[in-house]
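Where a number appears in this text, it was derived from the coordinates with a stated rule and is not lab data. These figures come from a predicted structure and were not determined experimentally. Reconstructed Cβ throughout: ideal geometry from the backbone, glycine too, with neighbour counts over all protein chains shown.
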Amino acid sequence: MLVLAASAPLSAQNILLKDGKVIVSKGLRRQGDTIMATVEIPLAATGDKEASVQTGEVGYALAQIAKLEFPEPAQMRTVPDLIVAGKLPEALAQIEPVVKYYESFRDAPGSWWDEAAMLKLEALQAMGNYKDSEPIIDSLARSAGDPETVRAAKVFMAAGLTRRGEHARAVEIFDQVLKDATKPQTIATASVNKGQSHLALKQYEPALLAFLQVPVFYPNQKLLVPQAMLGSAKAYYGMEDLVRAKAALDGLLKEFPSSAQAAEARTELAKVAKREKALAPPK
């Protein structure tokens, strides 16, 4: 199927077919179960010798496609920093167009919808907007083509159990996910939330082990490192290890001074100082 279209400065978005062929495209769009690729049309094919560069659309059935090769959206790098800095409305404003664009490609291999939707989810939950988070979690859970995305959805569902105080049940789900997960983001998210449940149960050692997974093994997960550092400080405090609690809080304030966790870290430091004073031998 060939449809002529006016030329436009579109970014490269190629199609890798299952037979090994690569379709060099200037843009893709979804039409039912067909991916329409904007490609250059040879002048001989148009019969118009006076025409400048023209483009047309060629359709490829989704079943033919091994992968859609989209360039990484710039927002995938900028939005995590905005969330860490607490600039949540700006983060949502940046990621929303990405989520909207890739919605039509969400079941196609190579789509950025899953990753973009999870960033939107992180921003919403950081704002405490759990109501608008629920439809996204449900959509992620239905991503049958990607088991890792389903695991990520399970983590967010279990985090809801943590918020409702159902900690033992939540920990069971986190452990199930951690047994099979492969993506650093999924593992780090599960670890932080597992730590929160253990912390609420005053199980300080397993909480500490869960939190430390992130800064030790997944330091590039910027969204989660400040949460993990704060959680580890609380676990140390619960274990009466005030020296390490203070060190973790000082490290958090040094590395992430603008994070949403920074204000709470200062409150925790005051608690540590008060506890140190109470434990100090009388003069």
XL table Lys154/Lys234; Lys131/Lys202; Lys202/Lys234; Lys120/Lys179; Lys234/Lys274; Lys131/Lys222; Cα-Cα > 21 Å flagged, in table order, is Lys154/Lys234; Lys131/Lys202; Lys120/Lys179; Lys131/Lys222
Any lysines whose Cα falls less than 27 Å from that of Lys21, other than same-chain ones fewer than 8 residues away, would be Lys67
For Lys271, Lys154, ascending order of other Cβ atoms within 10 Å (fewest first) is Lys271, Lys154
The FRET efficiency for Asp33 and Asp180, from their Cβ-Cβ distance with R0 = 35 Å and rounded to 0.05, is 0.70
With a Förster distance of 41 angstrom and the Cβ-Cβ distance between Lys271 and Lys100, calculated FRET efficiency to the nearest 0.05 equals 0.40
Computed over the chain, the Cα gyration tensor eigenvalues, each multiplied by 5 and square-rooted, give semi-axes in Å (largest first) of 48, 19, 14
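Within a 10 angstrom radius of the beta carbon, how do Glu205, Glu268 rank from fewest other beta carbons to most? Display every interim value, and only then the final one.
On the way: Glu205 11, Glu268 20.
Result, fewest neighbours first: Glu205, Glu268.
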